[in-house]
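Accompanying notes for the structure given below.
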Amino acid sequence: MNSFFSTSEKRTLDILEYLYSENKTWFLPEIASAIHCSIKSVSQSISILNNLVEENNLTCSIFLEDKGGVYLQTDSYAEIHLLKILFVRTTASYQLLDKIFQSPNVTIDQLQEELFLSRSTIYRKLEIIEQVLLKNKLTLSKTTLTIEGDETAIREFFYVFYFSLVDPNIWPFKTISSSVLKNGLGTFQLESKLELTSTEKLQLIYRSAINTIRYQQQRFVQEFPIDIYVADNIKEGFSNVDKNLLARIPAKHQEMEKKYLTYLYVTYPSTEIFEDPSQIRAIVNWHKHNNSDAYYLVSTLLQHIETAYPEMKEKSLFTSNEFLYKLISVANYGLLFPHLYVELALNDRWDRRLRTLSFSSLDQPKFTKILWDAISAITESVTFPLINPSHVFYFIYSIFSQYLDLKYFESSISVKIVLEVGYLAEELLSRELQSIFPQKIFVETSKINYDHKTHYDLIISDLDYLASNYSNSLKRYVLNYPPSNRDIGALKNIIEELSISKLLESN
């Protein structure tokens, strides 16, 4: 969504982020230098942000001192995030797109009057919005101010658009009450017997709002870019809630809208609806037997990972049906919304992380790069349309992290401490080592036992026979406890040596 912003709007967001970066008093010239703007522009942005703070009774504040000092007072980044959301909602591009979606009969004259924008500004912003929509294979008529394209794509675009600026205290939809949808969600939970987290509830309420607005506008799903397999037990689970969800939809559209709801469910990596693991296994087996596009994507991804880490195949870490089902669900999402591409303003943590990675550094997560490269390579190689990787990377990464210890994949040094003097001493030594090498090592203590066959890069003990139990380790070091400066120096050398060795292996 950054392309939606004017230079001054983007500058205001950058200044807020810069002020939060350190808990200190900044000075106007250094802020202006860092953001590449004038001191006057910095002062204007601070004034805009403080007005929003006052209007919305936020607890954070930006103090501008007489001598040019600037201090951001806040107890939590949550307040800053909310301030960013409130600011984005005031921008011209957001307000225009919001009006176009929620007020289908709006005119240019009405937009001028309601948003206090000139005709030329409106048309300039509409050009930007049109380009963003075109990336999603959607079109905008600048005369009728209507968006045309695949209905499922329109709904998902606006779901991502609104949910990227979500806050439980802000309700962005004008023609449907949040309380009505919350009541409907309560009924849905009772009938479907699904236990939902607060985030999942918020996601469902936003999706319901988007669907309801389209129903009000008499816009219904006519087709899908792909057929997705829906297991019988999932269909049965939704059969009890059909009447409530589809009550206000014309009969001729109910079947497609029902199909859309079940499709959405099987694009979500959740196994809540299943009463027995055999149901999950049956779905995975169906995809495997029929070599579905979703299964092809998953198996290709795992082949990429196994190529990077051959030992993964030997240890059969990728055979869990629940693990495979969740990856298939994300693949279904990528297939159902192949043209989705929303440039998020506030939800791009993973994009920023990937952009700033220095992969020659031992401090950076190697697995993150390998996974991103694998997903990107698959996207470029397939012959069918597939979603932009940035929209699915986080979900795929999360699934891997649920089932695997991702530290295993990194260039970090795995250290096991086994001390005869006891567990508390191990904890103290662990903290000391991690303070010296905060990102180069991860440490296990004897709190984790029965792991003699586990591979560790380094075993540290105060007794030789305890260290020798770990025959699979690369290095063993016996120290005096408490460790002397000589011991700490020797451990530094060993860890640096192992780090260099791992770096050379990965290149």
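Residue-wise test of (1) in contact with an Asp or Glu (Cβ under 6 Å, 6 or more places away or on another chain); (2) hydrophobic (A, V, I, L, M, F, W, C); (3) in the same structural domain as Tyr260 (by TED's automatic domain parsing); (4) not in a helix (DSSP H, G or I).
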site: Glu127; (1), (2), (3), (4): no, no, yes, no
site: Thr143; (1), (2), (3), (4): no, no, yes, yes
site: Thr152; (1), (2), (3), (4): no, no, yes, no
site: Phe158; (1), (2), (3), (4): no, yes, yes, no
site: Asn169; (1), (2), (3), (4): no, no, yes, yes
site: Phe188; (1), (2), (3), (4): no, yes, yes, no
site: Lys201; (1), (2), (3), (4): no, no, yes, no
site: Tyr206; (1), (2), (3), (4): no, no, yes, no
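Being closer than 30 Å to Ile154 by Cα, β-branched (Val, Ile, Thr) and in contact with a Leu (Cβ under 7 Å, 6 or more places away or on another chain) is a description that does not apply to Ile39.
Of the residues making up segment 25-70, those that are part of a loop (DSSP other than H, G, I, E, B) and of a type in the set (A, V, I, L, M, F, W, C) are Cys37, Leu58, Cys60.
Rundown of residues vs (1) part of a helix (DSSP H, G or I); (2) modelled with pLDDT of 85 or more, yes/no style:
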residue	(1), (2)
Gln439	no, no
Asn449	no, no
Leu466	yes, no
Tyr481	no, no
Asp487	yes, yes
Leu491	yes, yes
Ile500	yes, no
Leu503	yes, no
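Conditions tested, residue by residue: (1) farther than 15 Å from Asp232 by Cβ; (2) under 27 Å from the mean Cα position of the chain (by Cα).
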{"residue": "Ala247", "(1), (2)": "yes, no"}
{"residue": "Pro250", "(1), (2)": "yes, no"}
{"residue": "Ser278", "(1), (2)": "no, no"}
{"residue": "Asn285", "(1), (2)": "no, no"}
{"residue": "Ala294", "(1), (2)": "yes, yes"}
{"residue": "Leu301", "(1), (2)": "yes, yes"}
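Of all residue pairs spaced 6 or more apart or on separate chains, those with beta-carbon atoms under 7 Å, a first member in segment 160-176 that is farther than 17 Å from Leu83 by Cα and a second member that is surrounded by fewer than 15 Cβ atoms within 10 Å (Cβ to Cβ) are Thr175/Gln216.
Yes/no matrix, rows are residues, columns are (1) outside the structural domain of Glu22 (by TED's automatic domain parsing); (2) free of Cβ contacts under 8 Å to residues at least 40 places away in the same chain; (3) under 11 Å from Leu16 (Cβ atoms):
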site	(1), (2), (3)
Ser43	no, yes, no
Leu49	no, yes, yes
Glu55	no, yes, no
Leu64	no, yes, no
Tyr71	no, no, no
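Applying the set (1) at pLDDT below 80; (2) at negative phi to Ile205 leaves exactly one unmet item: (1). How many residues does segment 181-232 hold that are loosely packed, with under 13 Cβ neighbours inside 10 Å and farther than 20 Å from Lys258 by Cβ? Final tally of qualifying residues: 6.
The values are calculated or read from the model by the stated rules, or taken from the named source; none is laboratory data. Just so you know, these numbers come straight off a predicted model, no measurement behind them. When we count neighbours, we look across all protein chains shown, and the Cβ atoms used for this are built from the backbone with ideal geometry, even at glycine.
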